[in-house]
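Read through the structure below, which is laid out as structure tokens, and then see the notes.
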Amino acid sequence: MKRVLANRSLVSRAPRFVVKVGSSSLTKSDGRLNHERLATLSDTLATAYGRGQRFALVSSGAVAAGVGSLGIGSRPTDMSGLQAAAMVGQTKLMSEYGERFGEHGIGIGQVLLTADDVMRRNHYRNARAALDKLLGMGIVPIVNENDAVATTELRLGDNDRLAAIIAHLIGADFLLLLTDVNGLYSGPPSEPGSRPIPFVGNIDELKNYSITGRGSAFGTGGMSTKVTAARMATAFGVPTIITSAGNLGPALEGEPVGTWFAATGSKSNARALWIAHAAQSSGQVRLDEGAVAALESGGNSLLAVGITDVVGTFDPGDAIDIIGPGGTLVARGLAGWDSESLRANAGVAGAGRPAVHVDDLVLVRR
Ligand code: GLU
């Protein structure tokens, strides 16, 4: 079984980790790439490499690099413009990382993925083998969302979930999520009385803080996707640090900066965790009591006969919320049908394949 890093003073000796840096840490106020930040990041990581540590770097910044290369003055506002900038910028970003790490004699490899694709289509075994090979060769995998086919990060500023999945794939000893605040706070960092939270022993402790709404500890700075990423990573035994990009050096030395989320589990089923906590939901199905009982007794697929209502538009394979009669979230799963066909067959007995197959279904207790 995987050894879990129990103490953050051991971080500087951990053999493998994942570090994630977002656009906000790599972009200047004019929307262009901040070359100095990228250089500092690479140099600091090279120090860890030099003492024998190996890591994958999940990096955004492609759009920012594209804005500079295209000479378009500012960040595009339309989705295809952002995608185009990312496609131009990604090559620039990689060549810049290549140069920076190259100065330290370290090779890099580009990995473009989407969290949803890797998990939904069981591609994670292929990704795991490829990443493992790269790391074994001493190459630093540099990972970004594949912006040509996915727009999750462009819409939500979210490579955090992808970083958690990579941490699982490479068997990381810890996950380091860099952001523009020092760590997690009990309220908006600017508000008097908000205090930093240095240690989270179990993510459910955070239920005491307001999770929804603007101005909560999670409402700004993309903290909510970071907490989701930490929830996933800690559940599969990977402790997680959230801190500012400026704290990278001290964090890698094992100093107590930012927030440390202790590992709480050793779950190996990353796909189930992704379905339960991280997959973007495309719709809902509502169930009658009998169907809820059948699901909760375990081992059963969800059948169309137990569905009373279908909300939203989805395709087979999309993630959906499964709601009980009282409106509570009972489970999440990947749809076996498109929403239109399911709507036509809701409540119908013997309607062929399951609405959600048991292998694609995770009971959620919140
Ligand atoms: N993956 C994109 C990038 O690397 C999106 C980040 C963003 O929205 O700026 O630039």
* Name the shape class, rounded, prolate or oblate, that the alpha-carbon gyration tensor gives for segment 56-111, where a ≥ b ≥ c are the square roots of its eigenvalues, rounded holds for a/c under 1.5, and otherwise prolate holds if a/b is larger than b/c and oblate otherwise. => prolate
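What share of the DSSP beta bridges in the chain is antiparallel, in percent to the nearest 5? It would help to have the intermediate numbers written out before the result.
Details: 19 of 50 bridges.
Looking only at bridges with both residues in the chain, the antiparallel portion is about 40 percent.
What number comes out for accessible area per residue over the chain if the probe is 1.4 Å? Units Å², please. Write out the running numbers ahead of the final one.
Values: 15420 Å² over 366 residues.
Per residue, the chain has an accessible area of 42 Å².
Give the calculated FRET efficiency between A344 and E36 to the nearest 0.05, with a Förster radius of 41 Å applied to their Cβ-Cβ distance.
Values: r = 58 Å, r/R0 = 1.41.
Calculated transfer efficiency: 0.10.
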* **Hull shadow area, averaged, the chain [alpha-carbon convex hull, nm²]** => 18.7 nm²
* Length-normalised contact order of the chain in % [C-alpha pairs under 8 Å, at least 6 apart] -> 15 percent
* **Max mean-square fluctuation residue, GNM over the chain, Cα-Cα springs under 10 Å, options T47, T77, T313** => T77
* Asked: Share of the chain's accessible area from carbon and sulfur, percent, 1.4 Å?
  -> 50 percent
* May I ask you to order 189-195, 83-89, 109-115, 127-133 by the average number of other C-beta atoms within 10 Å around their residues, highest value first? => 83-89, 109-115, 127-133, 189-195
* Residues of type lysines that K28 reaches as a straight line, Cα spacing below 17 Å, ignoring anything fewer than 8 places off in the same chain -> K92
* Among the lysines, which have Cα under 16 Å from the Cα of K20 when same-chain residues fewer than 8 positions away are ignored? -> K226
* Among H104, H277, H168, residue whose mean-square fluctuation peaks in a GNM of the chain (springs only between Cα atoms under 10 Å) -> H104
* Ranked from highest to lowest mean number of other Cβ atoms within 10 Å per residue, what is the order of the peptides 197-203, 320-326? -> 320-326, 197-203
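Using helices alone, what [θ] at 222 nm do you get for the chain, with -39,500 (n - 2.57) per DSSP H run of 4 or more residues, divided over all residues and rounded to the nearest 500? Mind dumping the intermediate values first?
On the way: 13 runs with 124 residues, N = 366.
Result for the chain: -10000 deg cm²/dmol, rounded to the nearest 500.
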* Can you work out the FRET efficiency for the pair D180 and D359, with r the C-beta to C-beta distance and R0 = 56 Å, to the nearest 0.05? -> 0.90
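Filter the trypsin sites (Lys or Arg not before Pro) in segment 39-112 to those in DSSP coil with at most 14 other Cβ atoms within 10 Å of their Cβ, and list the result. Can you show the working numbers first?
Details: sites: R51, R54, K92, R100; in loops: R51.
Sites meeting the loop and neighbour criteria: R51.
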* Hey, can you grab everything whose amide H is under 5 Å from the amide H of V356? Only 5+ residues off in sequence or another chain; H modelled, so Pro and N-termini drop out. => L302, G336
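Tell me, what is the FRET efficiency for A6 and A148 to the nearest 0.05, using R0 = 41 angstrom and their Cβ-Cβ distance as r? The partial results should precede the final answer.
Numbers: r = 41 Å, r/R0 = 1.00.
Computed FRET efficiency for A6 and A148 comes out at 0.50.
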* Structure fact -> Taking 0.36 nm per residue of separation between T47 and N122 and subtracting their Cα-Cα distance, the length gained on full extension comes to 23.5 nm
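The values are calculated or read from the model by the stated rules, or taken from the named source; none is laboratory data. No experiment lies behind these values; they were computed from the predicted model shown. Cβ: placed from backbone, ideal geometry, glycine included. Neighbour counts: every protein chain shown. SASA here: full protein model, heavy atoms, side chains in, ligands and nucleic acids out. Shrake-Rupley method; radii C 1.70, N 1.55, O 1.52, S 1.80 Å.
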